[in-house]
Amino acid sequence: MPISTLAFDINKSWRLNANYTVQENVFGFLYGYEADFQGLFNRKSYMFLKKGKKSSEKKLRVRIPYLGLGCLGLFFFTVIFANVISPHDPYEGDLADSTLPPAWEEGGTTRFLLGTDMLGRDVLSRLIHGSRISLLISVGCIAFYGTLGVILGLISGFSGGRTDMIIMRLADLWSSLPGIILLFMLAAVYGPSAKTIIITFGIMGWPYYGRIVRGESLSLKERDFVRLARVAGCSNLRIMVSHVFPNIVNTVIILATIDIGGIIVLIATLSFLGLGTQPPSCDWGLMLAEGRQYITYAWWLVTFPGIAIVVAVLGFNLTGDWLRELLDPKQKLR
Amino acid sequence: MKDKQLDTENEELLVLKDVKTSFFTKKGVVRAVDGVNFTISKGEVVGLVGESGCGKSITSLSIMRLVPQPAGKIVSGEILFKNEDLLKKSEDEMRRIRGDRISMILQDPMVSMNQLLKVGYQLGEPYRYHHKVSGSLREMCIGLLKKVKVPAPESRVNDYPFQFSGGMCQRALIAMGIANGPDLLIADEPTTALDVTIQAQILKLMKDIQRESRSSIILITHDLATVAQICSRLLVMYGGRIIEKAPVKTFYKKPAHPYSVGLIKSVPVLGRPSGRLYSIDGQPPSLLDPPSGCRFAPRCTQAKKPCFEIYPPETILEEGHKVSCWLY
Amino acid sequence: MKNDAIISAHELKKYYPVTKGTFFSRTVGYVKAVDSISFKIKSGETLGLVGESGCGKSTTANVMLGLESPTSGQIMFDGRDITRFSRQERFDFRGNIQAVFQDPFRSLNPRKKVKQIISEPLFIHKVSSRKEISFRIIQLLDLVGFDPHQAGLYPHEFSGGQRQRIAIARALALNPRVIILDEPVSALDVSIQAQILNLLIDLQERLHLTYLIISHDLAVVEYVSTHIGVMYLGHLVERAPSEALYNNPIHPYTRALLDSVPVADPEDIKEITLEGEVPSPLNPPTGCAFHPRCPLCEPRCSKETPFMREVAPEHAAACHVCG
């Protein structure tokens, strides 16, 4: 059977699916509906079987979180094509166009679909460019502390003993430092900016990842396949890199995906407080802060950035949830 | 007909009629128990033997109506306990039966107990719940521990489970199981997690308790030797169905089903001269959408064409010895 | 020379310190997991170690495999003491002793394909070229009864018995001379158990392997072994050819063990001969470790530790009263 005949049938949303709980059925739009994939995820082994014995009926039923993936898709679309799709320059505005309402409101024009702010800048274009800042900062933070946390967690869990104790006590100490105050300090010294945020949270965030990775590698190192790798003569580094790490990489990906949502909110909060990116940046949090004083007569200045944050966070969280289920090896065993 | 009369004389305690329990998973329907019939009489010790994944544990959970929700469901059949259908009872009525009339002992003694509560407290739990009394019931618990031969029960009541060894824990769990004098005790692999010398002690204890209390026991195990030691009758389960029912003595002398024969031959026996062990080739069947024919046919050396197509009916070989196989 | 032991242990000890305090810890005592055990295995033979949980049989396996270093004692392999090896020597030596562990669901890395699992030792030791390795994979899969096309699958696509075959294939990759089998069939179903045991015996004959098999199941050990050692609380209490052990057990613990193995025969109901439980290794009894449970206990049993004494050729037991 050629791979092109990819069976793809979506369960009817109005019919209750007996395989799922009521909750999963009712909130199907959040969890996503189930689709049949034939030979998509296990294409390689499938081909192998075809060559050898009879092609076994390999079926993988996977639910697809359409809402989550849709939100995420929209987000990444705006990140990638920001320059192409934004109708105006996000930083330039004409004061003559100040605080125009969205196109469908009375007095709005189709030139500015979502209206303009008090400096006459296009809200839509600012939102589109704001997605880049959100992604840059959140991914920067997570790449920074994720890497640090994974490396320290692996070393800690794998070597055990005194090294483990020192790293973990360091993690305890670290978690007790107040991050916001450190950010205030750094912002005071170096000035508030995206770089300051990335560095502060990059330094502050690792204990969380470190603890989880340590826990996982602690249990993995007792597993028989690690003992067998020793018997075969593997070095510690090789065991860590090729046996322990691949078994925790899923956890890290899932953590990171869910974390990004949280960090986007955090960045918005910081910008709102004036600790994050500075004007004329088009960060969503900053847009909220700027629009706050005009909320009584220019509701679009706070509403649209708010919606943008919700969409991005929802996209990352739902997808992260889905990844957790998909990448769980037990899922495949069933 | 004759068979049925005999059973009534012996006072049927538990009758399973065509019980089917399935698990509705994302990959399809797993027919874990696929039409199981058997009868347990009063005061009888019956062994339910099978390999992992053959449905023996799910059978016991079906009797207790504790099949894991929401995936698992008892699809059809009747479970008559003292002539009342357990499947028609409400959850409230079931709760009154569980732990009082039917109780259960599980495989791993160390995880079957709550590590945070004293052994004495946990021992009294079934009695406290079913007789609506409160208090520590210290005297009763000491009595129970004495019954299961735990040394120094007066001080042991106040211990926590982690202070007990594996064998001791299993004794305490047995004590918990018999606290209310149940009519039926289901023991799911009670000795598998224990050492050989402790195993022998626990089996002896169960035998003694059964003799004293006259309650029925269903012993679920993969180990044919354990069954031989304490059961009077055994049921062999394979692929979600019971394929052979026989009195223990008949079974070990003249096993009928090719699977039973292979099972007995494939266990290494102490003192038997070495040589190749008999082995059943192939793997146990998947219960996910099983074929309509005999489940054992793909591994059976004597399988013929009908074996793959139609499930064999139960044939009576002699008094109490029934087998589901086309060879008979 | 031909009849010499290929691997032997002399007065092997492994003590674990019991410590108090976290950072500035001090040792308050020792758990004697393995206490002065000695045995030898001749090439092509199988030694079975039996005992109840906590008797030190798995620790013995770990020490023999070099996963843990012994507190004292020697392990001789072909006349060389492997406990005194340098790092490089140990690495080069690895291929000679390989292992198969109990739980096939835990002993294979779930993220690797079968061919990666089997060929890993070959890659580490850089013994052959890439082409030779893929040939060797097919050869190894064939040895344990697999088709070559199954090499690209992941472990979770196999059942327990098949996974144990994969583990055996991996152990064979470096052409070892000794394989240590730690409860190789305990996690498997009865009908699969027989398949694996037969495979192990076939491989032994074909490849002239030497086995050290460790199990709690006396029947399994007796079936595959030429010699059996019985362990109790870290001590080796009896050592004999398997027939002699079954027909003429000396040590009271061996006798009790043999008596308590349930038999699949309703005419042969066992009576328990052994009361009580194994004492904690943290606080073992003085003298003979078995004396509190021993039916033949004499006053001196609680004072003097018995040593191994030969009662017949190759048959030794550590007991004051018997033998």
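Of the DSSP beta bridges with both residues in the protein assembly as shown, give the percent that are antiparallel, rounding to the nearest 5.
Antiparallel: roughly 65 percent of the beta bridges in the protein assembly as shown.
Contact order normalised by length for the stretch B:144-259, with contacts defined as Cα pairs under 8 Å and 6 or more residues apart; what percent is it?
Relative contact order, the stretch B:144-259: 19 percent.
Applying 1/(1 + (r/R0)^6) with R0 = 22 Å to the Cβ-Cβ distance of residue A:95 and residue A:295, what FRET efficiency is obtained, to the nearest 0.05?
In this case the efficiency is close to 0.60.
Calculate the FRET efficiency for residue B:134 and residue B:211 from the Cβ-Cβ distance with a Förster distance of 41 Å, rounded to the nearest 0.05.
0.80
Share of Cα-Cα pairs in the stretch C:1-144 beyond 25 Å, in percent?
46
What are the trypsin sites (Lys or Arg not before Pro) within the stretch C:265-312 that DSSP puts in a loop, where the Cβ has at most 15 other Cβ atoms within 10 Å?
Hits after loop and neighbour filter: C:303.
By the scheme Lys and Arg +1, Asp and Glu -1, what is the net charge of all other residues having a beta-carbon under 14 Å from that of residue C:241?
The answer is -3.
Suppose the Debye formula is applied to equal point scatterers at every Cα of the stretch B:1-155; what is log10 I(q)/I(0) at q = 0.15, 0.19 Å⁻¹?
Computed log10 I(q)/I(0) values: -0.99, -1.27.
Per the helix-only calculation at 222 nm, which mean residue ellipticity applies to the protein assembly as shown, given -39500 (n - 2.57) for every DSSP H run of n ≥ 4 and division by its residues, nearest 500 deg cm²/dmol?
My calculation for the protein assembly as shown gives -13000 deg cm²/dmol from helical runs alone.
When Cβ neighbours within 10 Å are restricted to other protein chains, what is their mean count per residue of peptide C:215-223?
Per residue, the average neighbour count from other chains is 4.
For helix B:138-147, what angle does its Cα long axis make with the longest principal axis of chain B, in degrees from 0 to 90 and rounded to 10?
Helix B:138-147 and the main axis of chain B meet at about 40 degrees.
Counting other beta carbons within 10 Å of each residue's own, what order do A:174, A:322 fall into, fewest first?
Fewest-to-most ranking of A:174, A:322: A:174, A:322.
Between B:315, B:25, B:192, where does the largest GNM mean-square fluctuation fall for chain B, given springs only between Cα atoms within less than 10 Å?
Per the Cα network of chain B with a 10 Å cutoff, B:25 tops the list.
Across peptide A:193-206, what mean number of C-beta atoms from other chains lies inside 10 Å of a residue's C-beta?
What the average comes to for A:193-206 is 0.
In whole angstrom, how far apart do the alpha carbon centroids of the stretch B:237-313 and the stretch A:87-147 sit?
Going from one Cα centre to the other spans 72 Å.
Just want the ordering: C:114, B:15, A:241, from fewest to most Cβ atoms lying within 10 Å of their own Cβ.
By the 10 Å Cβ count, ascending, the order reads A:241, B:15, C:114.
Restricting to the stretch B:131-284, what percent of DSSP beta bridges are antiparallel, rounded to 5?
Roughly 55 percent of the beta bridges in the stretch B:131-284 run antiparallel, per DSSP.
Quick one: which residues, 5+ away or cross-chain, put their amide H under 5 Å from the amide H of residue B:220? H built at 1.01 Å from N.
B:48, B:187, B:188, B:189
Can you figure out the FRET efficiency of residue C:81 with residue C:208, using R₀ = 25 Å and their beta-carbon distance, to the nearest 0.05?
0.60
If you take every residue apart from residue B:195 with its C-beta less than 9 Å away from the C-beta of residue B:195, what net charge results, scoring Lys and Arg +1 and Asp and Glu -1?
-2
DSSP loop GluC sites (Glu not before Pro) in the stretch B:27-133 with at most 10 other Cβ atoms within 10 Å of their Cβ, which ones?
none
I need the chymotrypsin sites (Phe, Trp or Tyr not before Pro) found in the stretch A:58-137, filtered to DSSP loop residues with at most 10 other beta carbons within 10 Å of theirs.
A:104
Would you mind counting up the charge near residue B:42? Only other residues with Cβ under 9 Å from its Cβ, with Lys and Arg at +1 and Asp and Glu at -1.
That sum, taken over residues with Cβ under 9 Å, equals -3.
Quick one: what are the phi-derived ³J(HN,Hα) couplings along the stretch C:209-218, Karplus 6.51/-1.76/1.60 with θ = phi - 60°, whole Hz, x for glycine and proline?
Working through the residues one at a time gives 8, 10, 10, 10, 10, 10, 7, 8, 9, 4 Hz.
In degrees between 0 and 90, to the nearest 10, how far off the longest principal axis of chain C does helix C:160-172 point, with axes built from Cα atoms?
80
Can you pull the mean other chain C-beta count within 10 Å for peptide C:107-120?
Mean shielding count: 4.
Read the figures in this text as sums done on the coordinates, not as results from a lab. Values in this document were obtained by computation on a predicted structure and should not be read as measured data. Quick reminder, even Gly has a Cβ in these numbers, built from the backbone with ideal geometry, and neighbours come from all protein chains shown.
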